[in-house]
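Please read the structure below before turning to the comments.
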Amino acid sequence: MITINIFKKTIRFDVTDKWTGELRYEYIFGTVEGEAEAVIAGNTPADFVWQKQEAKIDVKLHGITALADYQFNDRWTVGGGIGFYKGTKNKDFEGAIFQAINASGAKVTPDDKDFDLDAVSYRLGVGYEKPFAENWDFNANLDYLYMEIDDEDDGNIYSNGFSYGVGVTYSF
């Protein structure tokens, strides 16, 4: 059987009577913002000149995940999978502390610049389904998600946390 869930943007298919596979489109987005006061001039605390420094990083990722679930009973499943993502990161830094330049004269932290991102995610989680009418199910899932993000900056970004989903499924 093939199931399409328009709320979760998934295509689910039976592999065996206990195992199912799923392909899912995901859009991950978010912003990290911060601000601090920094000394930009002066030699002693009495003559320090303070200035507000602000930084904001926006991340947008589009990806496809391949998942597999094992069904314990009529309602509960456990599963995991892997996802591949492409996207952008925008860095917007304001303040004198971010104006440093390297030996070639280029800013070390470019202001308001987009960077390409590539990412891979790994997940493990549980799912719940309950039929409420013929061909219709309510479903929910909770996954632990670990993600490695690679961009043009030195070093990599690692993220871990939880993702969740709630939806209604119609089976053809």
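All of the numbers you see were taken from the coordinates with simple rules; none came from a lab. Keep in mind that what you see is a predicted model, and the values were worked out from it rather than measured. Virtual Cβ from ideal backbone geometry, glycine too; neighbours counted across all protein chains shown.
Our estimate of slack between GLU54 and ALA140, defined as 0.36 nm per intervening residue step minus the Cα-Cα distance, is 27.1 nm.
Kindly provide the pair-distance distribution of segment 1-64 built from C-alpha pairs, with 10 Å bins from 0 and whole-percent values in order of increasing distance. Calculated over all Cα pairs of segment 1-64, the distribution is 16, 23, 16, 13, 11, 10, 7, 2 percent.
Cβ crowding within 10 Å ranks MET147, MET1 as MET1, MET147, fewest other Cβ atoms first. Computed from the alpha carbon atoms alone, the convex hull of the chain holds 141 Å³ per residue.
If the chain linking ILE40 and VAL15 were pulled fully straight, counting 0.36 nm for each residue of separation and taking away their Cα-Cα distance, it would gain 2.7 nm.
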